[in-house]
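Quick notes on the structure that follows.
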Amino acid sequence: MEKKPYYITTAIAYASATPHIGNVYEIVLADAIARYKRFMGYDVFFQTGTDEHGQKIEEKAQKAGVEPQAYVDRVAGDIRSIWDLMNTSYDKFIRTTDKDHEQKVQRIFKKLYDQGDIYKGAYEGMYCTPCESFFTASQLKDGRCPDCGGEVKPAKEEAYFFKMSKYAPRLIDYINQHPEFIQPVARKNEMMNNFLLPGLQDLCVSRSSFKWGIPVDFDPKHVVYVWLDALTNYITGIGYEPDGESTDQFKKLWPADLHLIGKDIIRFHTIYWPIFLMALDLPLPKQVFGHPWLLMNEGKMSKSKGNVMYAHDLVKLFGVDAVRYFLIHEMPFDSDGNCTYELLVERLNADLANTLGNLVNRTVAMSNKYFSGVVERTGAREAVDEELKETATAAVGKVTARMDELRVADAITEIFNLFKRCNKYIDETAPWTLAKDPAKTDRLKEVLYNLTESIVMGASLLAPFLPDTGAKILAELNANPRPFDGLTDFGLYPSGNRVAEKPEILFARLDLKEVLDKVGVKEEALAAPAAPAEPEKPALPPIKEEISYDDFMKVDLRLAKVMACEEVKKSKKLLKLTLDVAGEERTVVSGIKKWYAPQDLVGKTVVLVANLKPATLCGVESRGMVLAVSDPADENLALITPSADMPSGYVVR
């Protein structure tokens with residue numbers, strides 16, 4: 001019977017620097033999914049690789065004094081060596097500097113241009129080099145890149161544009177009809193509400209201000225926008241041909257079953273990429289999963305912050321499978337995980353050394369001590385055996401259900417629930433007590449058989465997540481990996497089999513202080529920071545004299561949306577706000593220029609004193625007042641805005 005294909009991809013890693021452990025999480029997660037699918041019987045194709053073009057890389061190469069190609073060759077080599085270090089089973093490692101990829105991207109660009117989806121124009125906006133993205137002033141967050149928080153600079157250049165708006169309605173319909181397409185659901189809501197429903201702008205798909213990219217072959221002063229270049233790897237890597245017959249591999253694998261990516265690039269994969277595919281008349285990937293971030297001490301890992309961990313350092317301290325376990329186990333489905341040396345040591349000691357390692361060691365040691373390593377089934381069953389058997393045979397269904405939902409951390413937890421049940425079974429049956437009574441020899445054999453069989457089943461399930469550990473356990477028990485369709489049957493371990501003579505210590509317990517000494521971190525640095533001293537309270541102005549409820553009710557407070565904002569000429573303090581109040585346009589002048597740039601206010605909802613008598617300030621009539629809160633010294637000020645999205649004109653009371 002022909003196996004069903006399963007095509008899984010990671011985002012290709014940007015070859016600007018060696019990835020830290022937060023970046024490595026994605027490849028390990030994808031590998032666990034790919035291995036589990038193979039275990040289930042799928043014909044898996046697992047693709048990863050490197051994204052190697054763009055202005056940021058050109059600038060880094062210049063700073064390093066080397067050509068861009070030499071720079072990315074080194075970094076791509078580092079990335080691939082880390083993927084290999086983490087024992088990941090990718091089938092293809094694509095580089096966007098591969099000649100066949102570059103040629104296909106050029107043909108894709110030309111195809112889209114010829115059919116009228118790409119046109120030539122000029123771009124002026126704010127550009128973030130690390131994200132390779134343009135933004136309008138209103139899209140910025142506190143004047144910085146909304147994606148990475150980095151600095152943006154004004155940029156103006158000739159460029160080619162893709163007609164995003166042409167396909168936006170079709171994409172909106174597709175997302176509504178395929179709720180499984182974007183996961184988790186929070187990512188889907190973000191894309192719909194923040195980008196698609198407000199209306200898509202046409203996308204800049206070429207650059208002419210730098211050279212390190214794939215040239216537009218019919219207009220060589222332009223290079224292809226790095227995201228159009230990078231995203232198409234998912235089809236060029238498996239044989240897509242824009243101008244001819246695509247390969248059998250492409251026909252077999254596309255559409256991809258899963259694009260596994262970080263939540264920070266979800267927009268590119270769920271808006272730009274699907275629209276590119278629609279324009280190429282190709283089906284969309286079945287699912288895009290935007291996984292959360294792995295934080296260090298609750299903060300996003302960043303070289304500039306100096307809070308990064310690297311895979312090769314962690315592997316030296318803990319071993320490959322221990323690091324894989326931590327990465328998989330510690331990441332929730334849809335919220336960020338946290339990584340510290342303290343947590344790593346705790347997980348290794350509690351879960352790997354104690355729950356798993358000690359279980360296997362005790363079981364093998366008891367078989368050797370009592371029966372010279374021979375494991376034999378006798379049929380001397382008791383009621384206590386049934387719960388262990390039920391836990392063991394139900395585990396594969398529970399793990400598969402979690403994996404189908406991409407809840408990989410929950411899946412590995414289900415496996416360890418089986419190992420915990422085995423430990424409880426040892427306590428319940430007390431083999432050391434049975435061994436003292438010759439009349440209970442058959443019962444002791446049955447107990448050790450049940451333990452061995454359960455561990456074989458658990459180790460077979462564990463192998464996709466911790467490949468070396470699963471193999472070591474099975475070797476100690478002298479067992480073959482249990483096939484997926486054999487994990488609901490209890491009792492397949494051959495009676496009379498002999499386990500290893502000397503059990504290997506799978507995971508040695510670690511001392512936290514010794515680990516911290518090796519990495520140069522003081523233990524006290526991990527403790528919760530001392531509560532800051534209570535700041536001296538500023539002198540607040542006294543509360544004004546009392547007014548009646550009727551006096552207060554004379555003030556008409558309304559929500560108003562800022563439609564436009566500009567500086568008032570010849571004034572150092574004033575901004576002119578154009579407000580929408582339930583369809584009525586109002587002009588309000590406010591002395592908040594010190595705290596807000598005009599572009600930061602557009603789109604905000606503010607609280608307006610709507611029935612204030614008009615006043616003229618610097619020649620501009622102001623019809624109302626926007627409310628704000630400030631400190632006593634007027635050093636900090638913030639406009640009052642609603643905590644939920646509410647229509648303009650609503651009464652504030």
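Laboratory data are not the source of any read-out in this text; all were calculated from the coordinates shown. Bear in mind that the values here come from a model prediction, so they are computed numbers and not experimental data. All Cβ positions, glycine included, derive from the backbone under ideal geometry; neighbour counts span all protein chains shown.
Values as computed for the structure displayed
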quantity	calculated
14 Å beta-carbon shell around ALA279, net charge (K/R +1, D/E -1)	+2
For the chain, share of DSSP beta bridges that run antiparallel, in % to the nearest 5	70
Cα-based radius of gyration of region 38-81 once divided by 2.2 N^0.38 Å, which approximates compact folds	1.69
Cα→Cβ-extended label distance, 7 Å offset, between ARG381 and MET646, nm	6.5
Debye intensity ratio I(q)/I(0), log10, the chain, q values 0.06, 0.10, 0.11 Å⁻¹ (C-alpha model)	-0.47, -1.04, -1.16
0 to 90° range, to nearest 10: angle between helix 68-85 axis and the chain longest Cα axis	40
Sites ASP43 and GLU566 - FRET efficiency at Förster radius 56 Å, r taken between beta-carbons, to 0.05	0.40
Helix axis angle, 320-330 relative to the chain longest principal axis, alpha carbon, degrees	50
Lysine pairs in region 320-498 with Cα atoms under 29 Å, if 8 or more residues apart or on separate chains	28
C-alpha center-to-center spacing [region 222-266, region 155-176] in angstrom	18
For region 199-335, the fraction of alpha-carbon pairs in successive 5 Å shells from zero, as %	2, 8, 13, 15, 15, 15, 14, 11, 7, 3, 0
Sorted by Cβ neighbour density within 10 Å, fewest at the top, the residues MET563, MET86, MET553	MET553, MET563, MET86
Contour excess over end-to-end distance, with Cα ends at ASP468 and LYS166 and 0.36 nm allotted per residue	103.7 nm
Under Karplus coefficients 6.51, -1.76 and 1.60, residue-wise ³J(HN,Hα) of region 598-606 in Hz, glycine/proline x	x, 5, 6, 8, 4, x, 6, 9, 10
Set of aspartates and glutamates with alpha-carbon distance to LYS569 below 15 Å, sequence-local pairs under 8 removed	GLU621
Region 549-639: equivalent-ellipsoid semi-axes (sqrt of 5 x gyration tensor eigenvalues, Cα, Å)	20, 16, 14
Reachable lysines from LYS156, criterion Cα separation under 20 angstrom, eight or more residues apart if same chain	LYS56, LYS120, LYS211, LYS221
FRET efficiency, 1/(1 + (r/R0)^6) with R0 56 Å, evaluated for ASP84 and GLU584 via beta carbons	0.30
Separation of the TRP432 and ALA17 label points, Cα + 7 Å toward Cβ, nm	5.2
Computed FRET value (nearest 0.05) for GLU546 with ASN611, which takes r as the C-beta separation and R₀ as 22 Å	0.55
Phi-based couplings in Hz for region 270-283 (Karplus 6.51, -1.76, 1.60; Gly and Pro marked x)	10, 10, 5, 4, x, 5, 4, 5, 4, 5, 8, 6, 10, x
Nearest-20 debye value, the chain charge dipole, Cβ charges on Lys, Arg, Asp, Glu	640
Orientation-averaged projected area, Cα convex hull of region 320-498 (nm²)	10.2
Simple spin-label estimate for PHE218 and LYS4 in nanometres, 7 Å along Cα-Cβ	4.2
Lys, Arg +1 and Asp, Glu -1 on Cβ, resulting dipole of region 123-236 about Cα centre, debye, nearest 20	80
All aspartates and glutamates inside 13 Å of LYS502 as judged from Cα atoms, apart from same-chain residues fewer than 8 positions distant	GLU476
